[in-house]
Amino acid sequence: MNNKRPLLAIGLMSGTSADGVDAALVRIHPGERTQVETLGFRAAPYPRDLRERLLLAAGEEGARTDEICSLRREVGEAFASAAFEVASSTGAELEKIDLIGSHGQTIRHLPEGMEGERGPLLPSTFQIGDPAFIAQRTGITCVSDFRSGDMAAGGAGAPLTPWAHRILFSHEDSASAFLNLGGISNITYLPRTREEGVFGFDCGPANMPLDALAQRITNGEKTHDTGGELAAAGRVCPDILDELRGHPYLKRKPPKSTGRETFGEAFVDETLERMISRGGDLKDAIATLTAFSASCVADAIRDFLPTDPPLAEVVVGGGGVHNNTLMRGLRGALGDLPLVGSDARGVSPDAVEAVCFALLAWGTLTSQANNLPGVTGAKEAVCLGSITPGRNFASLMRRFLHSA
């Protein structure tokens with residue numbers, strides 16, 4: 001299928017921090033150089049009880065299958081509500097929106113499998129947020145479950161967004177990179193627009209361990225370190241920072257991805273024990289882990305990104321942009337390499353990942369191979385995503401077929 005007419009799409013995203021649903025409404029202008037306009041963005045926080053249950057389900061002990069079954073529907077309801085909110089905030093009529101791309105909420109992501117209680121577990125991934133409910137409630141065709149297709153082709157199922165980062169941020173005449181500071185930091189290398197060689201990978205932890213410590217420091221009053229104020233009040237422990245920089249994940253060559261299974265509560269607990277044993281406290285721990293988040297990015301750029309041609313800039317998005325202590329650490333670690341907020345390149349830092357999933361859904365419905373084997377390690381480029389028809393499905397397919 002091919003379509004040169006603009007489309008309206010909603011992208012829905014919730015990351016490893018599980019703090020709520022990001023919803024972006026975009027207009028996609030297909031063509032030789034696809035253009036994207038962001039028309040609206042809404043961040044819809046999860047209710048506190050829902051977030052706590054999601055974090056429990058995604059944690060080491062997990063949750064019962066009946067709990068996960070209900071959560072799948074509840075997250076679907078939250079995603080559908082976020083779609084309504086972003087449409088309403090822009091005055092857009094749902095009947096005129098062509099498609100929804102939903103990442104869902106990751107409960108488990110095991111790109112290499114693991115050892116289970118009864119033997120080896122296969123490489124696999126599980127995102128919840130019932131797409132049938134989203135499509136039924138909104139009437140809009142929904143594309144979801146993007147990671148599974150890449151893993152079926154032998155990939156890690158992550159990162160997926162570099163395919164969209166190229167559309168949004170690549171330059172005609174210079175190489176650059178896009179850095180997302182979510183629960184995990186991931187980076188995409190972007191060669192000049194007409195050149196091959198896009199790749200990306202997860203650098204290491206970003207907001208996820210910082211959020212966990214912020215909740216402990218404030219006895220649950222805060223879900224994240226607002227502005228990096230808690231980290232600024234602590235002291236970085238150089239010895240522990242050096243030890244953290246020796247983590248085995250950081251030394252692995254791309255393609256690679258990581259998540260809560262490696263840098264979740266157990267990682268935070270172990271770091272905190274080290275800190276307390278050396279006379280530090282919770283604020284020293286969050287200061288040190290904030291410095292660690294910055295060093296993961298700087299080390300990844302130095303160790304794994306090409307230097308010829310040199311990067312013209314690193315464009316940065318994601319919630320970590322609002323952590324002033326983290327951003328100061330990044331600027332210090334990157335030296336003369338310009339660090340530019342994604343809003344300066346036309347996309348709000350908070351909206352980037354949601355916009356990416358709107359683009360990925362467009363790629364699915366236009367039969368494009370929307371994974372990058374050089375990023376995920378897949379054996380071949382494939383068209384990702386599962387399509388759940390909405391009430392607009394027949395008219396949507398006629399539109400694509402008539403313009404082919």
Problem set entry | Surface/4 estimate of mean projected area, convex hull on alpha-carbon atoms of segment 98-255, nm² | 14.2
Exercise. Put MET397, MET208 in order of accessible area, largest first, 1.4 Å probe: what do you get?
Worked result: MET397, MET208
Exercise. Could you state the number of Å between the C-alpha centres of segment 178-195 and segment 345-360?
Worked result: 12
Seminar exercise, completed: The Cα extents of the chain along the principal axes, largest first and rounded to whole Å, are 69, 52, 45
Exercise. Once you put a point 7 Å from the Cα of ASN324 and another 7 Å from the Cα of LYS4, both along the Cβ direction, what distance in nm separates them?
Worked result: 5.0
Exercise. Looking only at SER88, SER17, SER295, which one moves most when the chain is put into a Gaussian network model with springs between Cα atoms under 10 Å?
Worked result: SER88
For this session: Enumerate the helices in the chain for which the Kyte-Doolittle hydropathy averages -0.5 or more and the C-alpha atoms extend at least 27 Å along the helix's axis, using complete DSSP H runs.
Result: 65-90, 282-304
For this session: Evaluate the relative contact order of segment 248-341 (contact order divided by residue number), counting alpha-carbon pairs under 8 angstrom at least 6 apart; express in whole percent.
Result: 29
Seminar exercise, completed: Quick calc, LYS96 & GLU243: beta-carbon distance into FRET formula, R0 45 Å, rounding 0.05, result 0.25
Problem set entry | Among GLY220, GLY377, GLY363, residue whose mean-square fluctuation peaks in a GNM of the chain (springs only between Cα atoms under 10 Å) | GLY220
Exercise. Roughly speaking, what is the stretch gain from ASP303 to ASP66, that is 0.36 nm per residue apart minus the C-alpha to C-alpha distance, in nm to one decimal?
Worked result: 80.9 nm
Exercise. Roughly how many Å is it from the Cα centre of segment 86-154 to that of segment 224-290, as a whole number?
Worked result: 30
Seminar exercise, completed: Stretched fully, the stretch from LEU56 through ARG398 gains (0.36 nm per residue minus C-alpha distance, one decimal, in nm) 118.8 nm
Seminar exercise, completed: Highest mean packing first, using Cβ neighbours within 10 angstrom, the peptides 320-332, 187-199 sort as 320-332, 187-199
Exercise. In segment 82-166, which trypsin sites (Lys or Arg not before Pro) are in a loop and have at most 10 other Cβ atoms within 10 Å, using DSSP for the loop call?
Worked result: ARG118
Problem set entry | Under 5 Å, built H, 5+ apart or other chain: amide partners of GLY104 | SER14
Exercise. Based solely on its DSSP helices, what 222 nm [θ] is calculated for the chain when runs of n ≥ 4 H residues each add -39,500 (n - 2.57) and the sum is averaged over all residues, nearest 500 deg cm²/dmol?
Worked result: -12000 deg cm²/dmol
For this session: Just need the relative contact order of the chain here, percent rounded to a whole number, with Cα pairs under 8 Å and 6+ apart.
Result: 23
Exercise. R0 = 22 Å: FRET efficiency of ALA233 with GLU270, Cβ-based, nearest 0.05?
Worked result: 0.45
Exercise. With every protein chain kept in the model, how would you rank LYS379, LYS4 by accessible area, 1.4 Å probe, largest at the top?
Worked result: LYS379, LYS4
Exercise. Using 1/(1 + (r/R0)^6) with R0 = 56 angstrom and r between the beta carbons of GLU32 and ARG278, what's the FRET efficiency to the nearest 0.05?
Worked result: 0.45
For this session: Please give the length that would be gained between THR262 and GLU221 if that part of the chain were fully extended, namely 0.36 nm times their separation in residues minus their C-alpha to C-alpha distance (nm, one decimal).
Result: 12.2 nm
For this session: Tally up the carbon and sulfur contribution to the accessible surface of the chain as a whole percent, 1.4 Å probe, everything protein left in place.
Result: 50
Exercise. When we measure straight from the Cα of LYS96, which lysines land under 30 angstrom away, once same-chain ones fewer than 8 places off are left out?
Worked result: LYS4
Problem set entry | Ratio of Rg to Rh over segment 1-48 (Cα coordinates, Kirkwood Rh, two decimals) | 1.13
Problem set entry | Given charges at beta-carbon only (K, R positive; D, E negative), |dipole| of segment 137-285 in Debye | 300
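The values are calculated or read from the model by the stated rules, or taken from the named source; none is laboratory data. Quick caveat, the model's predicted, so the values are computed rather than measured. No Cβ is skipped: glycine too gets one built from the backbone with ideal geometry, and neighbour counts run over all protein chains shown. Please note that ligands, DNA and RNA were not included when accessible areas were found on the heavy atoms of the full protein model with its side chains. Shrake-Rupley method; radii C 1.70, N 1.55, O 1.52, S 1.80 Å.
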